[in-house]
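Accompanying notes for the structure given below.
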Amino acid sequence: MMFTRSIMTLELSTLIRIDLGTSRSKAISTRDKESRAKQKINHTSRVKSFAQLRYEQGQLREDGIQPNWIEMFKLMHAHKNGTPVDEVFHEIMARFDELLVAQM
């Protein structure tokens with residue numbers, strides 16, 4: 001078992017070394033860095049998808065209804081204690097709240 005594991009580790013490290021040096025991987029890395037720099041606010045869901053988080057939130061509710069898109073936005077862009085991730089998120093949520101009150 002140990003022999004197999006060391007072979008797998010060696011193969012993986014070899015593949016990583018080969019791929020990291022290619023111009024294709026460098027181009028992808030540059031593109032991804034540029035995309036991340038354009039983001040105004042970050043989400044806080046880590047590796048969970050929007051669909052997975054929405055389903056889980058629906059299961060937690062007594063009525064079983066999944067959250068709407070505004071509630072999902074709040075979930076995905078706020079800390080666990082509900083505080084905003086940053087000032088941009090805080091401003092967006094204030095505007096959402098104004099629009100919701102105006103609709104009622």
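Assess whether Gln59 counts as being closer than 29 Å to Glu91 by Cβ and either in a loop (DSSP other than H, G, I, E, B) or out of contact with any Phe, Trp or Tyr (no Cβ under 6 Å at 6 or more places or on another chain) (or both).
Working: closer than 29 Å to Glu91 by Cβ: no; either in a loop (DSSP other than H, G, I, E, B) or out of contact with any Phe, Trp or Tyr (no Cβ under 6 Å at 6 or more places or on another chain) (or both): yes.
Taking the combined requirement at face value, the residue does not satisfy it.
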Check: Hey, among the residues in region 65-87 that are part of a helix (DSSP H, G or I) and under 17 Å from the mean Cα position of the chain (by Cα), which one's surrounded by the fewest Cβ atoms within 10 Å (Cβ to Cβ)?
Finding: Trp69
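To keep it simple, each residue is scored yes or no on (1) at positive phi; (2) at pLDDT 85 or above; (3) among the hydroxyl-bearing types (Ser, Thr, Tyr).
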| site | (1), (2), (3) |
| --- | --- |
| Ser6 | no, no, yes |
| Arg24 | no, no, no |
| Val47 | no, no, no |
| Arg54 | no, yes, no |
| Gly58 | no, yes, no |
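The values are calculated or read from the model by the stated rules, or taken from the named source; none is laboratory data. Since this is a predicted model, take the numbers as computed values, not measurements. In this analysis, Cβ positions are derived from the backbone assuming ideal geometry, glycine residues included, and neighbour counts consider all displayed protein chains.
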